[in-house]
1. Taking residue 77 as the residue in question, decide whether it is touching a residue at least 24 places away in the same chain (Cβ under 8 Å), buried (at least 17 other Cβ atoms within 10 Å of the Cβ) and over 26 Å from residue 194 (Cβ atoms).
2. Condition first: exposed (fewer than 12 other Cβ atoms within 10 Å of the Cβ) and hydrophobic (A, V, I, L, M, F, W, C). Now tell me which residues in region 35-44 satisfy that.
3. Could you list, in sequence order, all residues of region 112-167 that are touching a helix residue (DSSP H, G or I) at 6+ places or on another chain (Cβ under 8 Å) and of a type in the set (Lys, Arg)?
4. Please give the helices (runs of 4 or more DSSP H) falling wholly within region 111-220 in which 1 or more residues are of a type in the set (Phe, Trp, Tyr).
5. Go through 62, 105 for me and flag whichever is in contact with a Leu (Cβ under 6 Å, 6 or more places away or on another chain), among the aromatic types (Phe, Trp, Tyr) and either modelled with pLDDT of 85 or more or surrounded by fewer than 13 Cβ atoms within 10 Å (Cβ to Cβ) (or both).
Amino acid sequence: AQVVEHARTQVGGDAPHRGDGVVDSCHRLLQEFLQLGQSLTAVKMDLARMLRRELQPELEEFLEEAVATIDNSISTVRRIASDLRPRMLDDLGLPDAVEWYAESFARRSELEVSCSVTCLGLKVDPKTSIALFRILQESLTNVLRHACARSVVISLSCSGGMLTLSIADDGQGFRMEEARKKHTLGVLGLKERTLTLGGSFCVSTAPGAGTRIQVQVPII
């Protein structure tokens, strides 16, 4: 089954390619935040195990406060790490950020990931960049959680004043009719992000046939 939404088209232009030094710097910083989050989670688990024991009231209260503090710290680290990705768009541009995220996702998920970006150096306005990057993130999260896939193919290309992002997996697919009945927020959210940019959204899927999401937006 296939669902397609359409909207208007505009044309934009190109810009010089940014250096690899910024990519490495942002990547290292993000990895450090992620490692910090993992360390805090490990400490929290250790404290939680201690709380299962019979403790003096004062010590138990102290440990509970420590766990609450660590929870807040973990939330802060996750928020900063999440914010870093859109900030990368300002320094790297969308094409480089897509390549970086594809590599990062491949390492985390252990899926076979193929990424093709044919518009390196393209200048994309901030609103479009953030929206497409979020669509990429959410689509890959859905693949990891629901698709039972072994591989993912990501592509970003530009033609005729339109920017096209495609994410295809070889997973179990689903019935669009059932998704509509359940008001699946994942697909609806992706479509809404696309339509706010005046673009078109297409999802092609069927049980056992994988899923392919294609987003086309005008380059402003």
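1. Numbers: touching a residue at least 24 places away in the same chain (Cβ under 8 Å): yes; buried (at least 17 other Cβ atoms within 10 Å of the Cβ): yes; over 26 Å from residue 194 (Cβ atoms): yes.
Yes.
2. Scanning region 35-44 gives a single hit, 42.
3. Across region 112-167, the qualifying residue is only 134.
4. Values: elements: 126-142, 176-181, 185-195.
Of the helices (runs of 4 or more DSSP H) lying wholly inside region 111-220, those with at least 1 residues that are of a type in the set (Phe, Trp, Tyr) span 126-142.
5. 105
The values are calculated or read from the model by the stated rules, or taken from the named source; none is laboratory data. What you see is a predicted model, and the numbers here were worked out from it, not measured in a lab. Note that each Cβ is placed from the backbone with ideal geometry, even for glycine, and that neighbours are counted across all protein chains shown.
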